[in-house]
1. Select from region 149-177 the residues that are assigned to a loop (DSSP other than H, G, I, E, B) and farther than 25 Å from Ala198 by Cα and write down the one among them that is nearest to the chain's Cα centre (by Cα).
2. Could you tell me whether region 111-130 includes any residue that is of a type outside the set (Lys, Arg), within 22 Å of Arg27 (Cα to Cα) and at pLDDT below 95?
3. Checking the conditions here, which among Ala96, Ala68 is within 26 Å of the chain's Cα centre (by Cα) and surrounded by 15 or more Cβ atoms within 10 Å (Cβ to Cβ)?
4. Kindly list the number of the only condition in (1) over 19 Å from Leu144 (Cβ atoms); (2) open to solvent by less than 50 Å² (accessible area, probe 1.4 Å) that fails for His265.
5. Go through (1) in contact (Cβ under 8 Å) with a residue 40 or more places away in the chain; (2) buried (at least 16 other Cβ atoms within 10 Å of the Cβ); (3) within 22 Å of the chain's Cα centre (by Cα) one by one and return the number of the condition Ile250 breaks.
6. Give Leu131, Leu75, Leu59 a once-over and let me know the one that is touching a helix residue (DSSP H, G or I) at 6+ places or on another chain (Cβ under 7 Å), of a type in the set (A, V, I, L, M), part of a helix (DSSP H, G or I) and exposed (fewer than 15 other Cβ atoms within 10 Å of the Cβ).
7. Collect the residues in region 178-197 that are hydrophobic (A, V, I, L, M, F, W, C), in contact (Cβ under 8 Å) with a residue 40 or more places away in the chain and either open to solvent by 30 Å² or more (accessible area, probe 1.4 Å) or part of a helix (DSSP H, G or I) (or both), keeping them in residue-number order.
8. Out of (1) part of a helix (DSSP H, G or I); (2) surrounded by 17 or more Cβ atoms within 10 Å (Cβ to Cβ), what's the single condition that is false for Phe109?
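The values are calculated or read from the model by the stated rules, or taken from the named source; none is laboratory data. Here the structure is a predicted model, which is why all the values come from computation and not from measurement. Cβ sites come from the backbone with ideal geometry, for glycine too, and all protein chains shown count toward neighbours. Surface accessibility is based on the protein's heavy atoms, side chains included, excluding ligands, DNA and RNA. Shrake-Rupley method; radii C 1.70, N 1.55, O 1.52, S 1.80 Å.
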Amino acid sequence: MTFGSLVELYLPDMENRLKPTTMQNKRYLIEKRIVPAFKDLAVNEITPAHVRHWQADLLAEGISPTYAKTINNQLSAIFNYACRYYSLGMNPVRIAGSVGKKDADEMKFWTVDQFKAFIPHVPKMPGRVGLSVLFWTGIRISELLALSPADVDLEAKTLWVHKGFQTVEGKELILETKTPRSRRVLPLPDQLCEELKAYMAALYEPEPDDRLFPFTKSYFHHQMQRGCDLCGLEKIRLHDLRHSHAALLIRLETPILLVSERLGHENVETTLRTYGHLYPTAGGETIKKLDDLMR
C-alpha cells in the first residue's frame, strides 16, 4: 500500500469522529504538508531516515516551532493508524523523534490601565463592546462570536458560554463546546453589564438565538488594530486578551481552581502549565509562618 492510499483510508475514517473544524485543519495539514512528500512511497518502506529528511525540509522553511510540531504530530497519527488497523510493524516518526515544541515562546497581555487607555479609541461600538467582553471575561473569540441574546442575563449579571462559532469551507457553523468544563456561567462586572445593555438596545429587534456579534474574527482584528494605532499601544493578539484576563485574576489573588473554571479549562493542570509562572512564589511567606510557629 502506498502512503497516498493509506491517507485515502485514514481521512474518511477520521471524518466521522472529529468536529468539522478539527477535520478541516487536519485535512489541510495532511494534504498540503505531508502527502506531497510521501504519497508514492510504500508505507512499510518509509524509514525513520525518510522522516528525518522531511523534518529537516520542514524546519528549513522557517515555520514556527509550534506549527512544525503540529504537522509532525499529524504524520505520526497516520502511522499510528496504520500500526493499529493495518498491521504496520512500527511508527517511523516515533523513532525519528519529534521536532518543534508544544508551547509558543511568548505570552503578551495588557494591564487594566493599558486596556482602559485603548478601548475608547476603538472606532465602532460592536468592536468596543466585543473586545471589552473578551478582556473582562476571558472567553475565546469563537465563543464571543457565537453568543446570542439568550446567553446574556442582565438581571442575574451572568453570561452563559456553551458554544463556538466557526467557518468551515465557507459555511458558518455554531457548534457546542468540546468539553463539559467549557460550558460555564460567568458572573459579569456591573459596568460590562451596562455596556452590553446599551449595545443590545441598539440592535434591531434581535431574536433570542441570533448572533449577538454577527461579525468575523478579522473584524475584531481590524477594530483592535485601529484602536492601537490611535492610542499608541503595541497590538497584541485577540487571544492575548484571554491571557490578559487570566493575568488580572492572578494579580487579584484568585485561587487557581477558580481561574481554571472561569477560563473553561478541562483541568487545573492546563491552567497551571499556561499561567503558573505568573503566580508569585509563596516561599518567603511560608518560612516566616514557620518561624512564627517555632517561637
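1. At the first step, the residues of region 149-177 found to be assigned to a loop (DSSP other than H, G, I, E, B) are 154-157, 162, 169-170, 177.
If we keep only those that are farther than 25 Å from Ala198 by Cα as well, we get 169-170, 177.
On the way: Glu169: 20, Gly170: 21, Thr177: 12 Å.
Once the filter is applied, the top-ranked residue is Thr177.
2. Initial filter on region 111-130 (of a type outside the set (Lys, Arg)): 111-115, 117-123, 125-127, 129-130.
Narrowing further to those that are within 22 Å of Arg27 (Cα to Cα): none.
No; the residues of region 111-130 include none that is of a type outside the set (Lys, Arg), within 22 Å of Arg27 (Cα to Cα) and at pLDDT below 95.
3. Details: Ala96 fails: within 26 Å of the chain's Cα centre (by Cα).
Only one candidate passes the filter, namely Ala68.
4. Status for His265: all satisfied but (1).
5. (1)
6. Details: Leu131 fails: exposed (fewer than 15 other Cβ atoms within 10 Å of the Cβ); Leu75 fails: exposed (fewer than 15 other Cβ atoms within 10 Å of the Cβ).
Unique residue meeting the criteria: Leu59.
7. Within region 178-197, Leu192, Leu196 meet the criteria.
8. (1)
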